[in-house]
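Notes follow the structure.
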Amino acid sequence: MTRRRVAAAGAILASGAWWFYACLPRPLFDAPWSPVLLGKDGELLDARLAADGQWRFPPSGPPAPKLVDALLHFEDKRFHRHRGVDPLALVRAAGQRLRAGRVKSGGSTLTMQVIRLSRKNRPRTIREKLVEIVLALRLELSATKGEILGLYFAHAPYGGNIVGVETAGWRYFGRPPERLSWAESALLAVLPNSPALVHPGRRREELREKRDRLLASLADSGRLTPLELRLAALEPLPEEPRAPPREAPHLLDTLAAGRAGALRTTIDGAIQRSAVSIVERRSAALANLGIRNAAAIVVDNQDGSVVAYVGNSRRDAFRESGYAVDVARRPRSTGSLLKPFLYAAALESGELTPATLIPDVPTQYAGFAPENYDRAYRGAVPAREALARSLNVPAVRMLHAHGVARFQASLKAAGMTTLWREADGYGLALILGGAEGTLWELTRMYAGLVWVAGHDAVPGRTRHRALKLLRGDPEVLERPIEFGPGSAWLTLQALMEVSRPDEEAHWRNFSSSQRVAWKTGTSLGHRDGWAVGSNGRYTVGVWTGNATGEGRPELTGGGAAAPILFELLGRLGRAGWPKAPEWDLKPLEVCAEDGYLPVAGCRTVRVRVPYASRFEAASPHFRRIHLEASGKKRVDDSCERPGAMVHRDWFVLPPAQEAYYRRRSPDYRPLPPLREGCREPEGRERGPIAFLYPHERGRMYIPVDLGEKRSAIVFEAVHRRPEAVLHWHVDNEYRGKTESFHQLTLDLPAGEHRVTLVDELGNSASRRFTILAKDES
């Protein structure tokens, strides 16, 4: 019997021990945290209510010493000497209750108060008090004193729906707890004991007296000097709780998705407020034009940190249609923003030099016919000027030579994650906005261009740098860079010369006050206006448009986004520009006229090219011509003795390029006319005639109007001699002649055709093309 009793007692003790061990809930608190956005210096930028409707900010660190001193002095002076329960305090509370006939002091330690908070402040009964005692003893066995203080400060009530000392510090004083004064710390120490006293008109003098008594007691214990006590007593009580700042609501929503608690970012509070102010003010003016949304990102190029992030243009209408969207992370048509990366890649691979002439004439590839923004052509332009002017036709020709798949792969390596289709799905339109990108990724790519230009980066080894926004973000991407500092620096030099007539000329003048490399972009249909630029220290990206996708005629990169870009750069101040990376550049002698390697007769200049460049293309534009003794007319051996000829090396563009180039280049000297009786040299593009439309082997569909009437085709050609007369033949049938301006309108049936042009001297040119039937279109 004795053994059974011993065994039963042992079982009871074991089960009791197990119950004691398991009685403490884990976690002790399951209340949700408020999403909180903090700047790089710990400044509160934005916050939201927790899921249960409370303002409950997560702790930013260990409890502040002043707060700990004030709280322990007020609530639990023997906190560090007891193990969760203070028998002396319980006896004192019982005596007070007997004498007063009511509860005046609960005798609870801070540990017991933590337990009561975790149990949602259940009614104070003897049974509940016993439960609190047991759980407090258990908590002391599994948590340190510091952890228990942390739980108290995180979950104590501070009036209304303000929970936790972190929340109270920001809501009442606009500062984190570690920066509070003695008076503020004392107030927060007494407030959980009477949280209703903080509201204006609700016994505030009683609250002040409680605070001042605690301050006096702290001074008596040596925590405050007499001077500190007098100054602390003069501090006023806070008024109503301050509304949390709303500096980055879209960023908070984006980052808080899938995350809980405090989000410690690299955002600079002062720059963020400036960016918000500029974007909102500029966007208000754009709204009058039907352009309702805008976003901006500012990156510090020194470390890749994001110092400002404006996800949309309005905070006061955050829940209205369109304004709640974080458009900085939404894919939008890129417009011309990818052109600098194609230019850098072409430089690195030796496909061109900054001075190489790129054709700018009517162009068509498999039905795709790009046009420049001004609907004009220049014949041929240096590659750097084509980029600076954001000319579409030269860009498409550069991409055709470089390869769409190759360029797409380099964009993906640079971290562009929005290229979901295969290369054929984008085609050559990739360079003109045929793809979508986000302001976040495009700004990072431009910041990376500046970073590469100023560092000893090695293609194939140095990895692309990532943007840093949250602590713990990766510093680099997985893929290595594909062009070096030389190519990046040359690209930025070209972007410093960005200029367009009319709408953007003013902003170019603005940028002359400091060195700025910048690029704009406008999507098809005027649905997106972009501007991205850097002053060396910072890179700024701006998007303007409508979240709904609605286009507006006034919505252009230069007219809508560039003003925001330059005001932001102006607010950031002047900065130093990266020096030329001489170790990754080399001089190269090229023909001054066309930027190709020298041939006999061309005047040479030196240009810089990337060190890795293997540019090997000799100039195709210099021709040895034979002139009569006067030098006024060309001749050949069929009409002049060789000994009587004068020989010259002449810069000659193909006829189509020449027709446009000579209009804008008064220094260009066309070929002298051919003397009567002499023959034009044979060979590809050596003849004087060139087609502008149709293109060789082109396929075209002729639209039909509502009356089932087919439209006609306008054929166009050029001749080196402005006074030349061209005779037009289609399928061996004469169709007419043109003089000076060689355009002819023809109505042709579906099928294959051949058009031939003949001038009065017998020179000819032909082109084959196909007109598609209605069911083939």
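The values are calculated or read from the model by the stated rules, or taken from the named source; none is laboratory data. As the structure is a computational prediction, the values presented were derived from the model and not from experiment. Here the Cβ positions follow ideal geometry from the backbone for every residue, glycine too, while neighbour counts run over all protein chains shown. The area values use the complete protein model at the heavy-atom level, side chains included, leaving out ligands, DNA and RNA. Shrake-Rupley method; radii C 1.70, N 1.55, O 1.52, S 1.80 Å.
A few points about this structure:
- Conditions (1) open to solvent by less than 60 Å² (accessible area, probe 1.4 Å); (2) assigned to a loop (DSSP other than H, G, I, E, B); (3) over 30 Å from residue 210 (Cβ atoms): number failed by residue 244: (3)
- Reported count of residues in the stretch 264-293, each being open to solvent by less than 10 Å² (accessible area, probe 1.4 Å) and more than 30 Å from residue 454 (Cα to Cα), is 3.
- For the stretch 340-351, a residue qualifies if it is open to solvent by less than 10 Å² (accessible area, probe 1.4 Å) and either touching a Phe, Trp or Tyr at 6+ places or on another chain (Cβ under 9 Å) or not aromatic (Phe, Trp, Tyr) (or both), and the qualifying residues are 340, 342, 344, 346, 347.
- Selection of the stretch 515-550 for residues being without any contact (Cβ under 8 Å) to a residue 60 or more places away in the chain, of a type in the set (Gly, Ala, Ser) and open to solvent by 30 Å² or more (accessible area, probe 1.4 Å) yields only 525.
- Residue ID - modelled with the highest pLDDT, chosen from residues in the stretch 694-704 that are open to solvent by less than 80 Å² (accessible area, probe 1.4 Å) and out of contact with any Pro (no Cβ under 9 Å at 6 or more places or on another chain): 694
- Among the residues here, residue 3 qualifies as modelled with pLDDT under 90 and either among the basic types (Lys, Arg) or on the phi > 0 side of the Ramachandran plot (or both).
- Some residue of the stretch 394-410 being among the hydrophobic types (A, V, I, L, M, F, W, C), open to solvent by less than 40 Å² (accessible area, probe 1.4 Å) and touching a Ser or Thr at 6+ places or on another chain (Cβ under 8 Å): yes
- Flag for residue 433 being among the small types (Gly, Ala, Ser) and over 18 Å from the mean Cα position of the chain (by Cα): no
- First in the stretch 655-683 and touching a residue at least 60 places away in the same chain (Cβ under 8 Å) and closer than 19 Å to residue 379 by Cα, second anywhere and hydroxyl-bearing (Ser, Thr, Tyr) and open to solvent by 20 Å² or more (accessible area, probe 1.4 Å), Cβ under 8 Å, 6 or more apart: 658/668; 660/377; 661/668; 662/668
- Boolean, residue 635 is more than 17 Å from residue 669 (Cα to Cα) and open to solvent by less than 20 Å² (accessible area, probe 1.4 Å): yes
- Of all residues in the stretch 120-138, those that are surrounded by 12 or more Cβ atoms within 10 Å (Cβ to Cβ) have Cβ atoms under 6 Å from Cβ atoms of residues that are of a type in the set (S, T, N, Q), 6 or more apart or on another chain, in 136/111.
- In the stretch 139-175, residue farthest from residue 39 (Cα to Cα) [restricted to those that are open to solvent by 40 Å² or more (accessible area, probe 1.4 Å) and not in a loop (DSSP other than H, G, I, E, B)]: 141
- Test: residue in the stretch 715-723 that is open to solvent by 30 Å² or more (accessible area, probe 1.4 Å) and within 25 Å of residue 773 (Cα to Cα): yes
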